[in-house]
Amino acid sequence: MNLFKKILNIKKFYFFPPKKNKILFIGSHNVDLFEKNILKNYHTICEIDNLNLYILLISLFKKYSDSLIINYYIHFIKKTNPNIVITFIDNYHNFYLLKNFFKKKFFISIQNGWRGRMGDFFQDTYLNKYKKKNLSADYILTFTDAIGDKFKKHINCNNLTIGSFRNNIFKINKFTKKNSIAFISSYKKRDKDYFYNNGNSKIFFKDYFISEKIIVNFLSKYCIENSLELFIIPSQNNKDEHNYYSSVKDNKFNLLPKKNRYCGYEYVDDFEYLVGGDTTLSYESLSRNKRVAFFNIRKDFISKFTNDNLECTHFLWPGKLEQDGPFWTHSSDENSMKRVLDFVVNCNDYEWKSAMDSISKKNYILHDNQNTILKELIYKNLKHNA
């Protein structure tokens, strides 16, 4: 998206030069948590949805790049003169063009969500666009070794596996709700019709989220048959999610309230048994020592709408795991889902540990309590570049 198109969606305009600081964030996502848990008062933010008119004016007349948006970022960095430039928007390709203009500054990208190919960093149309542009950073900090290796195929960088930055912050608590199962929802209602549209393939939101409804239908029956209570951990804060799952009249569930951005971590800890799919919170829950049944069945419902490779919907992609394992399946067949959920609910601790140990550590999300790896990297480079 070029800067002139972006102006149409600007939230705020600023007229004064940005302040110099030791750290510059490209985008404000997760900066509140960084300030609270890592380091205060050492940063400035170059907000992607805001526009500094002072920097824009300079960018129009003094050019380092043919791209106005890249030129804008270059001038923003020059004006703030940070030691470290950080983003939590790890799938923002433009960030990886900036290191080319600042060889002596330290650039860090921190993975914010589970990554894939459809409308995400690894979509072929995006990678082809940036293929010859020398994407680079000093470090990318990722959930797993496997996704770190995947990023390194396209970005000239070092990789540190830290797990999920947000997940690492919130204390792991013991479950309190017994005789119940919680489903981690990813349903979202959007104003636009398409979840994914690359010109050749079009997937509507209503089709993309069919798998969620199929899962809740199954869980509702399973819980009734096994005298369990079904809860849904919400993705959004409105009635649309409840109405979506209630459209099947026999579904019986309790939709938990969306209290704040981070309540999902509190909720997953409340339950002994969880069910999820190809979602960030589902994978984060696994690293929180939770028993999670993975129904990665989305491919069954969207493959007819696209010729694209949908392997990114597979369990722990880009790892290469079997189609069916002790606590995961890629089949929407009820017998397959029942087998997986029966194992999660009925296995003993030894059997669960054995199932977890069968997964290569390369594919498993690290849990670095309180982000000690990130803190060390930040403090080391602030001191080195002081």
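Are any of the residues in segment 372-385 touching a residue at least 60 places away in the same chain (Cβ under 8 Å) and on the phi > 0 side of the Ramachandran plot?
Checked against the condition, which is being touching a residue at least 60 places away in the same chain (Cβ under 8 Å) and on the phi > 0 side of the Ramachandran plot, segment 372-385 yields no hits at all.
Sort out which residues of segment 344-362 are over 13 Å from residue 293 (Cα atoms) and either at pLDDT 95 or above or in a helix (DSSP H, G or I) (or both), and write them in order of number.
348, 349, 350, 351, 353, 354, 357, 361, 362 - these are the residues of segment 344-362 that are over 13 Å from residue 293 (Cα atoms) and either at pLDDT 95 or above or in a helix (DSSP H, G or I) (or both).
What's the total number of residues in segment 107-142 that are touching a Phe, Trp or Tyr at 6+ places or on another chain (Cβ under 7 Å) and either more than 13 Å from residue 312 (Cβ to Cβ) or charged (D, E, K, R) (or both)?
So in segment 107-142, the residues touching a Phe, Trp or Tyr at 6+ places or on another chain (Cβ under 7 Å) come out as 108-112, 114-116, 118-119, 135-138, 140, 142.
Filter once more, so that each one left must be either more than 13 Å from residue 312 (Cβ to Cβ) or charged (D, E, K, R) (or both): 108-112, 115, 135-138, 140, 142.
Selection size over segment 107-142: 12.
For segment 161-215, what are the residues that are over 21 Å from the mean Cα position of the chain (by Cα), at pLDDT below 95, open to solvent by less than 60 Å² (accessible area, probe 1.4 Å) and within 19 Å of residue 285 (Cβ to Cβ)?
175 - this is the single residue of segment 161-215 that is over 21 Å from the mean Cα position of the chain (by Cα), at pLDDT below 95, open to solvent by less than 60 Å² (accessible area, probe 1.4 Å) and within 19 Å of residue 285 (Cβ to Cβ).
Just checking, which of 108, 89, 48 is assigned to a loop (DSSP other than H, G, I, E, B), at pLDDT 95 or above, buried (at least 16 other Cβ atoms within 10 Å of the Cβ) and under 26 Å from the mean Cα position of the chain (by Cα)?
On inspection, the qualifying residue turns out to be 89.
Taking interchain pairs and intrachain pairs at least six residues apart, which have beta carbon atoms under 7 angstrom, with the first residue in segment 166-178 and more than 27 Å from residue 89 (Cβ to Cβ) and the second open to solvent by less than 50 Å² (accessible area, probe 1.4 Å) and hydrophobic (A, V, I, L, M, F, W, C)?
Listed pairs, sorted by first residue: 175/271; 177/271.
Matching residues to (1) at pLDDT below 95; (2) buried (at least 22 other Cβ atoms within 10 Å of the Cβ); (3) aliphatic (A, V, I, L, M); (4) not in a loop (DSSP other than H, G, I, E, B):
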residue	(1), (2), (3), (4)
248	yes, no, yes, no
252	yes, no, no, no
264	no, yes, no, yes
285	no, yes, no, yes
289	yes, no, no, no
339	no, no, no, yes
342	no, no, no, yes
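The values are calculated or read from the model by the stated rules, or taken from the named source; none is laboratory data. What you see is a predicted model, and the numbers here were worked out from it, not measured in a lab. Neighbour counts are summed over all protein chains in view; Cβ atoms, including those assigned to glycine, are modelled from backbone coordinates with ideal geometry. When the accessible area is computed, the model is the full protein with side chains, heavy atoms only, and any ligands, DNA or RNA have been set aside. Shrake-Rupley method; radii C 1.70, N 1.55, O 1.52, S 1.80 Å.
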